[in-house]
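Single-structure report; data block below.
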Amino acid sequence: GDSVTQMEGPVTLSEEAFLTINCTYTATGYPSLFWYVQYPGEGLQLLLKATKADDKGSNKGFEATYRKETTSFHLEKGSVQVSDSAVYFCALSTNFGNEKLTFGTGTRLTIIP
Amino acid sequence: ETGVTQTPRHLVMGMTNKKSLKCEQHLGHNAMYWYKQSAKKPLELMFVYNFKEQTENNSVPSRFSPECPNSSHLFLHLHTLQPEDSALYLCASSQTRDFTYEQYFGPGTRLTVT
């Protein structure tokens, strides 16, 4: 079955540091890939997505590239801010009219000033 | 401002109580979902409704009973819960007809079973 594996957290970085959160997946077919973010006390929000190989999703300074050859979708940001502290979830959906998302376990990110 | 609202935001109930969680989406979506979020576990999909019809039940115990009267409203009826059911329950909605597979989440209901 489909699965998503994310790097274990928590991750603690200083402000303006470079961020990478690793995500790899296993799926049948050609999935769409997503990063969701959950700020404290809130639900999940879509951060970015990519629907086919080599697509790059980007939003709010975050980027992730769909790498079919390595089945990866790593999240990166060049300079993190304290406001980026949250839990980040990698997810996939297979494109066969299937409305389900498969999520990773989430990575808690804390940015210290 | 979220297009998906959930009430109540916090709920404490005893194991013999009956309560209901409510979700409403204002986005014109056709699919709605219930998820359970527990500490240190992946998000667990519980139920999926598409055009008011249940299309997924992930082996959820019968003490959780969903209801979807229309595409905008989703309920989760709770009875005789166990302490391990304490978690954050998230509702989500999506528009499946455009094949974007983006789900929009509500803020969740924090449930504590005593």
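Points worth noting:
- Tabulated pairs, the stretch A:62-84, first in a strand (DSSP E or B), second among the basic types (Lys, Arg), C-beta under 8 angstrom, 6+ apart or interchain: A:62/A:77; A:63/A:56; A:63/A:77; A:64/A:56; A:65/A:56
- So residue B:16, is it hydroxyl-bearing (Ser, Thr, Tyr), touching a residue at least 60 places away in the same chain (Cβ under 8 Å) and within 14 Å of chain A (Cβ to nearest Cβ): no
- Scan of the stretch B:76-100 for residues that are buried (at least 17 other Cβ atoms within 10 Å of the Cβ) and assigned to a strand (DSSP E or B), ordered by number: B:76, B:78, B:87, B:88, B:89, B:90, B:91, B:92, B:93, B:94
- Residue within the stretch B:62-71 that is loosely packed, with under 13 Cβ neighbours inside 10 Å, of a type in the set (Ser, Thr, Tyr), assigned to a loop (DSSP other than H, G, I, E, B) and out of contact with any helix residue (DSSP H, G or I) (no Cβ under 9 Å at 6 or more places or on another chain) present: yes
- Sole exception among (1) farther than 19 Å from residue A:2 by Cβ; (2) under 13 Å from the mean Cα position of the chain (by Cα) for residue B:31, by number: (1)
- Within the stretch B:41-58, residues that are within 9 Å of chain A (Cβ to nearest Cβ) and part of a strand (DSSP E or B) have Cβ atoms under 8 Å from residues that are buried (at least 19 other Cβ atoms within 10 Å of the Cβ) and among the acidic types (Asp, Glu) in these pairs: B:48/A:99; B:50/A:99; B:55/A:99, counting only partners at least 6 apart in sequence or on another chain.
Quick note: the coordinates plus some simple rules give every number you see, no bench work behind them. No experiment lies behind these values; they were computed from the predicted model shown. Please note: Cβ atoms are built from the backbone with ideal geometry, for glycine as well, and neighbour counts cover all protein chains shown.
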